[in-house]
Structures are given as structure tokens and as C-alpha cells.
Amino acid sequence: MAKAAKTEQSATGNVALDTKDIAILALLQQNARMTVKEIADKIHLSTTPVHERIKRLEASGVIKQYATLVDHTKVKKGLIAICYVSLKEHNKTAGTKFIKAINAMTEVIECYNISGEFDFMLKVVSEDMNAYHDFHVNKLSQVENMGHVQSVFVIGIIKQTHQLVY
């Protein structure tokens, strides 16, 4: 394999990517079901090096997983809420318990540890306001060490993408 195609992983975990790697990632982000042959034709390589590059990108963790993006409105998840959460205590044990509780809640589809007034930001999906209220009262507010929760409701999606590489 040519030197330019080899990747090196630094101490920070970054992987060096060349232009062909970036092109492969861009195509897979648009359509993860694209065949190796289709990718090879688009980036002007043969199938074997493309296959090897994809396997290397997977093995190095650059490609974390393949997923199907689902229209939330068609699977009875019409309400999206962003919840800002602050904890009462800020220590490793309390944080670990909170994270474990959040990971068990299927309504929470994203969770970020954030800076500022709140400690976490959650993206929550539910069927409707009644279902969200039930989630908020019977699940989220019951989590040990819960401080303050502020919910903001999404009224329209302007841009939603998972593409990191273009």
C-alpha cells in the first residue's frame, strides 16, 4: 500500500486520512448501502483497495457503525424535546449514576455533557405531549441527584444531518 494511503493514529486518537479516505467517507455518509464497486467507480480506484480502506476505517474507529435514519413522524415519535439538566451533586459517582439511568431510557436518543448553566443536554422523542409528560414525571425527574430540568420543544426541523466529512 502506498505511503499516502497509510493512516497513523496519534496519541490523541486522531487518524490521518488522505483524499481517497475522505471521498469514501463522504459517499458512505450519503448512502451506507453503497457497494464497494460503486464507491470504487466514483473515486477511481479498484475494488480491492477500496475494500481495504473501508476495513481500515472501521478497525481504526473512524467508521463507528452503520445506521438507518428513520423519519420520526412515521414511527409515532412526533414530539422532540431538548432537555437541559443540572445535577445537585457534581462528583464521579453521581455523574456515573445519572449516565447509567439516561442510557436505560429509550426516549433519550442523544445525551451531551455540556458547559454552562446546565450539565447535560438530552434529545428526547415521544409520541405526543402526554407521553412526554409521563416520561418527564415518571422517569426523568425520578433519577437520583436530579437538580433542575428545562424542556424546550422542537416546532420544526430546519437542518438535520449526520455528515461530518464532505
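The values are calculated or read from the model by the stated rules, or taken from the named source; none is laboratory data. In this text the structure is predicted, and so the values were computed from the model without any measurement. So basically every Cβ, Gly included, is an ideal-geometry build from the backbone, and we count neighbours across all protein chains shown.
Quick look at the values:
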{"read-out": "Checking HIS90 against (1) modelled with pLDDT of 95 or more; (2) not in a strand (DSSP E or B), the condition it does not meet", "value": "(1)"}
{"read-out": "Residue in the stretch 108-121 that is under 19 Å from the mean Cα position of the chain (by Cα), among the charged types (D, E, K, R) and under 30 Å from ALA16 (Cβ atoms) present", "value": "yes"}
{"read-out": "Selection within the stretch 95-110 - surrounded by fewer than 15 Cβ atoms within 10 Å (Cβ to Cβ) and either touching a residue at least 60 places away in the same chain (Cβ under 8 Å) or part of a helix (DSSP H, G or I) (or both)", "value": "THR96, ILE99, LYS100, ASN103"}
{"read-out": "When residues of the stretch 15-39 are limited to those that are β-branched (Val, Ile, Thr) and not in a helix (DSSP H, G or I), the one surrounded by the fewest Cβ atoms within 10 Å (Cβ to Cβ)", "value": "THR35"}
{"read-out": "Qualifying residue in the stretch 3-26 (condition: at pLDDT below 95 and under 30 Å from MET129 (Cβ atoms))", "value": "no"}
{"read-out": "Total residues in the stretch 129-162, condition closer than 23 Å to LEU69 by Cβ and loosely packed, with under 10 Cβ neighbours inside 10 Å", "value": "8"}
